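**Student:** I have a structure here, written as structure tokens, and I will follow up with some questions on it.
Only the coordinates and a few stated rules stand behind these numbers; no lab work does. All figures in this text were calculated on a predicted structure; none of them were measured in a lab. Glycine gets a Cβ as well: all are built from the backbone with ideal geometry, and neighbour counts include every protein chain shown.
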Amino acid sequence: MIAEFRNYLQNIKGYSHQTVAAYSRDVKHFARWYRDHSDDARWSTVTRGTIDAYVTWRAANGHAAATTNRALASISALYRYMQREGMDVENPCRYESRRKIAQTVPNTIPYADLEKAYEHATGVTRLLLGLLVTTGMRIGEVLAMRWEDINFATCEIKVHGKGAKERVVWTLPQVLDEVANIVPAERRWGRMWYLTQQTARNMIYDALRPHTNAKQQSPHAIRHTVATRMAQAGVNTVTIAKALGHNNVKTTQRYIDAAAVDVQAALTTNNILQA
């Protein structure tokens with residue numbers, strides 16, 4: 001069942017390799033736990049009581065509330081898949097089972113530190129920083145960029161996001177000038193680079209480290225910074241969610257509570273390189 005579920009997430013839903021791996025890991029962990037705690041461990045015998053017992057066990061064994069809630073979301077997704085396939089099962093995961101999570105402030109990087117890192121960076125590292133800082137894209141989305149996704153006249157970039165969903169973001173002419181200068185002619189079709197995510201993360205970390213004491217020095221911290229910057233500029237939740245490619249505005253709600261602003265204006269007039 002888990003293999004079929006994994007295939008569905010990857011080939012039908014279009015989830016990334018990392019997301020599919022996380023879902024699979026969560027349901028496998030639950031399956032192992034259930035086999036150890038039940039004499040009749042089948043997917044059809046899981047009840048809400050089973051899920052509550054699993055949540056209690058995880059809490060007693062030091063699992064964080066956030067990871068437990070993610071595990072419940074994965075299990076719930078598996079049952080929705082089984083129902084989609086016509087199986088006679090009930091989804092045992094209820095919202096009441098979710099553990100409460102203390103509100104946390106997203107890790108950001110001071111704008112001045114990002115500016116210093118950008119000014120001192122060169123080559124592909126500088127280009128990656130410029131794209132991350134001006135668009136708020138995920139590092140995986142930056143690495144998936146294709147030459148044909150860029151409209152150099154309007155500074156638009158078509159983003160291939162999670163779940164095979166597309167959106168448009170805007171960057172600055174100076175960043176696209178660097179794209180044109182750095183990306184060789186032979187890569188001006190299909191994907192523009194062949195960096196792994198880990199290599200790209202290391203490059204960003206090495207560029208940020210000399211210029212900031214921020215708690216996190218990563219592409220995702222830059223993404224948090226862009227979202228926070230937009231929130232401080234008065235951009236509303238739905239607009240930020242659209243710009244960042246969030247599927248649920250609840251993901252975005254921690255950043256903002258303000259009035260509507262055009263997506264292009266938010267990304268082109270409130271980004272850090274023009275602060």
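**Student:** In nm, what is the difference between 0.36 nm times the number of residues separating ALA73 and ARG188 and their Cα-Cα distance?
**Tutor:** 37.4 nm
**Student:** Which ordering of THR67, THR212, THR122 is given by a fewest-first count of other beta-carbon atoms within 10 Å?
**Tutor:** THR122, THR67, THR212
**Student:** Listing ARG138, ARG42, ARG187 from the residue with the fewest other Cβ atoms within 10 Å to the one with the most, what is the order?
**Tutor:** Neighbour counts put them in this order, fewest first: ARG42, ARG187, ARG138.
**Student:** Rank-order 236-246, 73-83 by packing density, defined as the average count of other C-beta atoms within 10 Å over each peptide's residues, highest first.
**Tutor:** The packing order, highest mean first, is 236-246, 73-83.
**Student:** Among all the aspartates and glutamates, which ones have a C-alpha under 18 Å from LYS28's C-alpha, if same-chain residues fewer than 8 places away are not counted?
**Tutor:** GLU4, ASP36, ASP39, ASP40, ASP52
**Student:** How would you rank CYS93, CYS155, going from fewest to most other Cβ atoms within 10 Å of each one's own Cβ?
**Tutor:** By the 10 Å Cβ count, ascending, the order reads CYS155, CYS93.
**Student:** Please give the peptides 146-154, 23-31 ranked by average Cβ packing (other Cβ atoms within 10 Å per residue), highest first, as a rough proxy for protection.
**Tutor:** The packing order, highest mean first, is 23-31, 146-154.
**Student:** While we're on this one: Which distance in Å, rounded to a whole number, links the C-alpha centroids of segment 11-74 and segment 123-168?
**Tutor:** 34
**Student:** At most 11 other Cβ atoms within 10 Å and a DSSP loop assignment: could you name the chymotrypsin sites (Phe, Trp or Tyr not before Pro) in segment 174-219 that fit?
**Tutor:** When the chymotrypsin sites (Phe, Trp or Tyr not before Pro) of segment 174-219 are filtered for loop state and at most 11 Cβ neighbours within 10 Å, TRP189, TYR194 remain.
**Student:** Here's something else I'd like to know. Go through LYS116/LYS158; LYS162/LYS242; LYS165/LYS215 and tell me which ones have a Cα-Cα distance over 19 Å in this structure.
**Tutor:** LYS116/LYS158; LYS165/LYS215
**Student:** Here's another thing I want to ask about it. What spacing in nm lies between the two simple spin-label points modelled at ALA233 and GLN174, each 7 Å away from Cα in the Cβ direction?
**Tutor:** 1.5
**Student:** Continuing with this model, one more query. How much length would be gained if the chain were fully extended between ASN107 and ASN11, taking 0.36 nm per residue of separation minus their Cα-Cα distance, in nm to one decimal?
**Tutor:** 31.3 nm
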